[in-house]
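In what follows, a structure is listed as structure tokens, so that the remarks can point back to it.
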Amino acid sequence: MTSKAAPSRKKTLRRALKRWHRRYREARMVALALRSPNHPVLAHAVVIRRCNLACTYCNEFDDFSKPVPTEEMLARIDRLAALGTTVITLTGGEPLLHPELEEIVRRVRRHGIIAVMVTNGYLLTAERIERLNRAGLDEMQISVDNVQPDEVSKKSLKVLDQKLQMLAAHAEFQVNIHSVVGACTEHPQEALTIARRAIELGLVSSAGIVHDASGSIRPLNEEQRGVIEEIDRLRKPRFSFAQHNPFRKNLIHGLPNDWHCTAGGRHLYICEDGLVHYCMAQRGFPGIPLAQYSREDMARESKTKKSCTPYCTIFCVQRVALLDHLREHPRQALEQIFPTRDDSGHPRRQPLPVRVLSALFLPSHGALSGRFFQKAALRILKIE
Ligand code: SF4
Ligand code: SF4
């Protein structure tokens with residue numbers, strides 16, 4: 001594989017400016033989530049159900065659907081904005097098959113919402129990446145399933161490496177390469193090869209775990225756990241919630257998680273027909289049209305207990321739940337995410353940013369200074 005294609009100096013500068021602006025808006029999104037439980041933090045919106053691939057583990061696609069009409073998609077984005085949504089992930093099928101995807105991204109950004117898309121990467125060209133830059137895309141997520149294509153998935157490093165090089169040269173948005181370890185993956189070391197290549201190209205890498213064909217999670221073996229830990233160590237920046245994920249830690253050991261899922265309120269999944277569902281794994285609940293979805297619906301569904309929580313692998317919804325836990329019980333939440341003792345009971349220091357934020361904002365460190373810094377932070381983030 002060829003090494004990293006160097007971007008121009010102008011591109012590097014634009015990328016740095018956009019990165020800082022994105023970080024500012026991400027901080028604002030977190031602050032809004034910590035301040036109020038009454039808006040969706042994250043929504044996934046399907047722009048087209050058709051896909052150009054046919055991964056055998058996937059039931060989120062067909063090979064015939066037309067794109068959701070652009071006007072209809074824009075109306076859905078407007079509705080999500082009116083509900084106070086702070087992040088929208090455009091998904092499919094394969095979103096790049098939507099001919100006016102950039103128009104939809106532009107509308108997301110016009111509302112001040114963070115714009116993310118998921119793609120298999122096959123249809124990327126330099127010209128399309130530049131169009132997405134101009135539309136204001138914030139982040140692209142690509143799952144790479146294996147090193148060589150096989151009968152399960154063609155999302156392989158061999159096929160996609162050229163596209164990843166193209167992204168390294170042209171993208172001004174963050175590119176996150178996701179690799180998976182678990183029941184359906186025969187060669188866990190391949191996830192590490194994929195993550196190393198992503199880092200070599202200056203992209204971000206993350207690792208997830210997959211369930212088997214029955215939807216069950218099996219505990220990971222020693223080799224699989226070692227791969228996940230190694231990928232986490234490669235990750236830059238080293239400090240991230242994705243890395244300090246207490247849910248994934250339990251699932252890796254085959255243990256259930258005890259948590260409350262607020263999907264239907266804090267997370268919405270909007271299918272191609274414009275209906276609201278909890279998430280991609282729980283279509284049909286509540287199944288109400290987004291145009292009629294109200295704050296009362298969000299409040300009710302947020303509170304509804306879901307039986308699928310113990311072995312859920314939808315980490316984005318779990319991260320939203322962590323933010324809510326942080327707002328309601330800050331010290332317990334921080335202890336859960338960043339334990340102050342390791343598995344053998346030895347004391348462990350929390351990461352420096354966590355200690356600094358705790359010292360500034362948590363009440364027992366001085367109510368007066370806490371209030372002062374909170375007010376200053378809200379002013380900087382332009383939150384009333
Ligand atoms: S590329 Fe994505 S949407 Fe298409 S079949 Fe594979 S997993 Fe499903
Ligand atoms: S627990 Fe997981 S699978 Fe169940 S509704 Fe929530 S996010 Fe979806």
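The values are calculated or read from the model by the stated rules, or taken from the named source; none is laboratory data. Computed from a prediction, not measured in an experiment: that's the story for all the values here. All Cβ positions, glycine included, derive from the backbone under ideal geometry; neighbour counts span all protein chains shown.
Quick rundown of the values:
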quantity: Breaking point among (1) aliphatic (A, V, I, L, M); (2) in a loop (DSSP other than H, G, I, E, B); (3) more than 20 Å from the chain's Cα centre (by Cα), for A16; calculated: (2)
quantity: Contacts under 9 angstrom Cβ, first residue in the range 277-291 being among the hydrophobic types (A, V, I, L, M, F, W, C), partner at pLDDT 95 or above and exposed (fewer than 14 other Cβ atoms within 10 Å of the Cβ), 6 or more apart; calculated: I288/S294
quantity: Flag for P310 being of a type outside the set (A, V, I, L, M, F, W, C), closer than 22 Å to N257 by Cβ and at pLDDT 80 or above; calculated: yes
quantity: Failed condition for C58, given (1) more than 16 Å from ligand 1 (Cβ to nearest atom); (2) of a type in the set (A, V, I, L, M, F, W, C); (3) within 28 Å of E151 (Cα to Cα); calculated: (1)
quantity: Unique residue being among the polar types (S, T, N, Q), within 16 Å of ligand 2 (Cβ to nearest atom) and within 28 Å of E230 (Cα to Cα) when the list is T89, T119; calculated: T89
quantity: Test: residue in the range 164-171 that is within 26 Å of K66 (Cα to Cα), crowded, with 19+ Cβ neighbours inside 10 Å and at pLDDT 95 or above; calculated: no
quantity: Residues of the range 137-158 that turn out to be without any contact (Cβ under 8 Å) to a residue 40 or more places away in the chain and surrounded by fewer than 17 Cβ atoms within 10 Å (Cβ to Cβ), as a count; calculated: 4
quantity: Residue satisfying all of: in the range 269-308; of a type in the set (V, I, T) and surrounded by 19 or more Cβ atoms within 10 Å (Cβ to Cβ); farthest from ligand 1 (Cβ to nearest atom) among these; calculated: V276
quantity: Condition met for C279 (touching a Phe, Trp or Tyr at 6+ places or on another chain (Cβ under 7 Å) and at pLDDT 75 or above); calculated: yes
quantity: Residue that is nearest to the chain's Cα centre (by Cα), among those in the range 112-136 that are surrounded by fewer than 18 Cβ atoms within 10 Å (Cβ to Cβ) and hydrophobic (A, V, I, L, M, F, W, C); calculated: L123
quantity: Failed item, numbered, when E335 is tested on (1) buried (at least 16 other Cβ atoms within 10 Å of the Cβ); (2) charged (D, E, K, R); (3) outside the structural domain of T91 (by TED's automatic domain parsing); calculated: (1)
